[in-house]
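Peer 1: Supplied in structure tokens, the structure appears directly below.
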Amino acid sequence: MNAAESNAPAGRMKALRAHARGGAEQLVYEDAPVPDAPTGSDVCVRVKAAAITFDELTWNETWEVDGVDRTPTIPSHEFAGVVVAVGPEAGEFAVGDEVFGLVPFDRNGAAAEYVLVPSTSLAVKPAGVSDVVAAAAVLPGLTAIEALEEPLGLVSGQRLLVRGGTGAVASFLTQFAHRMGLSVTVTVRSLASVDRAKQHGADEVLVADEPAGIAAGSFDASIDAVGAGTPDWLYRAVRPGGRVITLQEAPDADLAQKCGVDAAFFLVEARADALSRLGADLAAGDLEVAVAKVYPLAEGRAAYAGRGQSEKPGKTVLDVAARES
Ligand SMILES: NC(=O)c1ccc[n+]([C@@H]2O[C@H](COP(=O)([O-])OP(=O)(O)OC[C@H]3O[C@@H](n4cnc5c(N)ncnc54)[C@H](OP(=O)(O)O)[C@@H]3O)[C@@H](O)[C@H]2O)c1
């Protein structure tokens, strides 16, 4: 591909931005410069849908690169859209391709009309999969696929404990782990979530954040799909030599040593092979992708502020295409 095939935008675009570190209250819907024309392997995408992971506003990469402030920052790294320009080394991608993917966390995200993404961080969106569903599936889907490979590394018949079974990452973890033949136990906060976790393939659902009845050392691995503050019982539940994976903060090394477990923080990567696998599963209709609520981009601040308020489980998604129609 070359610049001649580019429909690169110029001038200003609408974006959701934060000019100072903080939460949803910092987000403003405003004009921002469109990204520079893509160079190297970058691709410029006209965003159609961008999904939210609420904890992203707590991630350091959202605010800094190599210790340097990068505000104003655009959040929401999970997207679906259309390629409008490609860098000279963007490989197979062409203007007009419908794609979905994950923007690196230390770059501006997709809560904007246009976003620059490395071509290695996106895949062709399968026909028949909506932009909203593709965007909603990207981060939790990739996290589940990749965490079940190397860091958890379990095989059929082994036991996995997932904390926070109603969340986006946990929902995908349960679905993929069930298909791998793992025995999956999930914890949820309310009785109302039990059926949903079972529909995803959980063998056992425990309603409590300090579940009684988990025998010490009775799981081969555990993963905290809630976020920060991983509780002690998630370590104690795992047999000596087993794995404890955290997703939001570093594990407690002392506790891990005491329990004889191998604990590690895992960070997802936008791997092309994992994206393709996710795309194939979405195309086959093999995954439940729950969407709690869709907001227009202009209401992005309300979308972020709505954490924990939705009556439905699932991802919150920004419909970026809505403002153009
Ligand atoms: N390291 C990585 O690569 C990576 C990738 C993706 C996500 N993450 C992190 O992983 C975490 C989960 O992400 P997500 O997108 O799945 O978030 P999410 O959809 O908001 O899920 C979190 C879930 O935790 C549940 N929860 C909260 N407190 C709980 C408790 N005490 N017991 C049981 N469940 C509880 C909530 O359930 P309710 O429905 O009851 O409120 C919510 O559904 C976040 O911290 C995120 O930053 C990390």
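Peer 1: Scan (1) without any contact (Cβ under 8 Å) to a residue 60 or more places away in the chain; (2) over 21 Å from Pro251 (Cβ atoms) for the single condition Glu150 breaks and write down its number.
Peer 2: Going through the list (1) without any contact (Cβ under 8 Å) to a residue 60 or more places away in the chain; (2) over 21 Å from Pro251 (Cβ atoms), Glu150 breaks only (2).
Peer 1: Have a look at Thr174, Thr185 and point out the one that is assigned to a helix (DSSP H, G or I) and modelled with pLDDT of 95 or more.
Peer 2: The conditions single out Thr174.
Peer 1: Could you check Val226 against (1) within 23 Å of Val188 (Cα to Cα); (2) of a type in the set (A, V, I, L, M, F, W, C); (3) more than 10 Å from the ligand (Cβ to nearest atom); (4) part of a loop (DSSP other than H, G, I, E, B) and say which number it fails?
Peer 2: Among (1) within 23 Å of Val188 (Cα to Cα); (2) of a type in the set (A, V, I, L, M, F, W, C); (3) more than 10 Å from the ligand (Cβ to nearest atom); (4) part of a loop (DSSP other than H, G, I, E, B), the lone unmet condition for Val226 is (3).
Peer 1: Follow-up. Being under 17 Å from the mean Cα position of the chain (by Cα) and within 16 Å of the ligand (Cβ to nearest atom): is that true of Ala192 here?
Peer 2: So Ala192 fails the test.
Peer 1: Among Arg243, Arg239, which is the only one that is under 21 Å from Leu148 (Cβ atoms) and touching a residue at least 24 places away in the same chain (Cβ under 8 Å)?
Peer 2: The unique qualifying residue is Arg243.
Peer 1: Next question, about the same structure. Would a scan of region 140-163 turn up a residue that is over 14 Å from Leu247 (Cβ atoms), of a type in the set (S, T, N, Q) and in the same structural domain as Arg277 (by TED's automatic domain parsing)?
Peer 2: Taking every residue of region 140-163 in turn, none turns out to be over 14 Å from Leu247 (Cβ atoms), of a type in the set (S, T, N, Q) and in the same structural domain as Arg277 (by TED's automatic domain parsing).
Each row is one residue, and each column tells you yes or no for (1) within 16 Å of the ligand (Cβ to nearest atom); (2) over 30 Å from Pro211 (Cα atoms); (3) not assigned by TED's automatic domain parsing to the domain that holds Ala80.
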position: Ser222; (1), (2), (3): yes, no, yes
position: Arg239; (1), (2), (3): no, no, yes
position: Val244; (1), (2), (3): yes, no, yes
position: Leu255; (1), (2), (3): no, no, yes
position: Cys259; (1), (2), (3): no, no, yes
position: Gln309; (1), (2), (3): yes, no, no
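Peer 1: Shifting gears a bit: Across region 265-298, what is the total count of residues that are in contact (Cβ under 8 Å) with a residue 60 or more places away in the chain, closer than 13 Å to Leu318 by Cβ and either under 15 Å from the mean Cα position of the chain (by Cα) or surrounded by fewer than 21 Cβ atoms within 10 Å (Cβ to Cβ) (or both)?
Peer 2: Qualifying residue count, region 265-298: 3.
Peer 1: To continue, here is another question. Of the conditions (1) within 25 Å of Gly279 (Cα to Cα); (2) within 9 Å of the ligand (Cβ to nearest atom); (3) surrounded by fewer than 18 Cβ atoms within 10 Å (Cβ to Cβ); (4) polar (S, T, N, Q), Thr166 clears all except one; give me its number.
Peer 2: Every listed condition holds for Thr166 apart from (3).
The values are calculated or read from the model by the stated rules, or taken from the named source; none is laboratory data. Not measured: the values here are computed from a predicted model. A quick note on method: Cβ atoms are made from the backbone with ideal geometry, for glycine too, and the neighbour counts reach across all protein chains shown.
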